[in-house]
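Notes follow the structure.
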Amino acid sequence: MLALQGAFREHRLVLERMGIKSREVKKAEHLEGIDGLIIPGGESTTIGKLLVDFGIREPLLRLIEKGLPLFGTCAGMIVMAKEIVGSRQPRLGVMDIVVRRNAFGRQVDSFETDLEVKGIEGGPVRAVFIRAPYIEAAGEGVEILAEFAGKAVMARQENCLATAFHPELTSDNRIHQLFIQMVEDYLRKK
Ligand code: GLN
């Protein structure tokens, strides 16, 4: 769990509920031995800046290149994007997506909806959006897994999974389960 800023405790509680061990990554040395990393929601400019300031960005990029599974929610998704509309803020830039921040407009700062997610069985997923971004464009290697109002809000590219919403704020574990599946596949191949 990247624990520089934002809603990392909520993600840890979900993992705990699922019986999965997690630890907080606050410095580069905490990356040692991890099998996957979640980047929580929060403030993407702060998370991106702290990744650089604390020297985590470069070693993390090397791990992602070697296949480390990465899951970003909301601000996490923004940090993972190659391109952020109208912003030069620091980022990882590991997903071939163009994201727009605070994209659903001021009137609808936050909202909840039911989403059909590709690859997730058992009915729609309840999705909580808080000043959420959406994916404005995506490269060929990116699979769009969910859309809301015609906008892409969840995507996967190889070892990178991203949601514009906050699956850690509901009691439904299925999206985290999808990420854990990616971690298990990675460990099998390692
Ligand atoms: N709007 C925030 C950002 O741009 C993201 C909001 C969130 O993570 N809930 O960083």
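The values are calculated or read from the model by the stated rules, or taken from the named source; none is laboratory data. Just so we're clear, the structure is a prediction, and the values are computed from it rather than from any experiment. Glycine gets a Cβ as well: all are built from the backbone with ideal geometry, and neighbour counts include every protein chain shown.
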>> Just the residues that are in contact with a Cys (Cβ under 9 Å, 6 or more places away or on another chain) and either within 13 Å of residue 168 (Cα to Cα) or modelled with pLDDT under 95 (or both), please, taken from segment 63-80.
In response: 71, 72
>> Considering only segment 126-134, I want to know if a residue exists there that is away from the ligand (no atom under 13 Å from the Cβ), surrounded by 14 or more Cβ atoms within 10 Å (Cβ to Cβ), touching a residue at least 24 places away in the same chain (Cβ under 8 Å) and of a type in the set (Val, Ile, Thr).
In response: no
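Here's the yes/no breakdown for (1) touching a Phe, Trp or Tyr at 6+ places or on another chain (Cβ under 6 Å); (2) touching a residue at least 60 places away in the same chain (Cβ under 8 Å); (3) farther than 27 Å from residue 9 by Cβ:
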| residue | (1), (2), (3) |
| --- | --- |
| 124 | no, no, no |
| 146 | no, no, no |
| 152 | no, no, yes |
| 177 | no, yes, no |
> Restricting attention to segment 21-72, which residues are within 16 Å of the ligand (Cβ to nearest atom), more than 15 Å from residue 158 (Cα to Cα), of a type outside the set (A, V, I, L, M) and not in a helix (DSSP H, G or I)?
Replying inline: 40, 41, 42, 43
> Hey, among the residues in segment 1-20 that are more than 15 Å from the ligand (Cβ to nearest atom), part of a helix (DSSP H, G or I) and among the hydrophobic types (A, V, I, L, M, F, W, C), which one's surrounded by the fewest Cβ atoms within 10 Å (Cβ to Cβ)?
Replying inline: 13
>> Based on this model, can you work out whether residue 118 counts as without any contact (Cβ under 8 Å) to a residue 60 or more places away in the chain, among the charged types (D, E, K, R) and more than 19 Å from residue 157 (Cβ to Cβ)?
In response: no
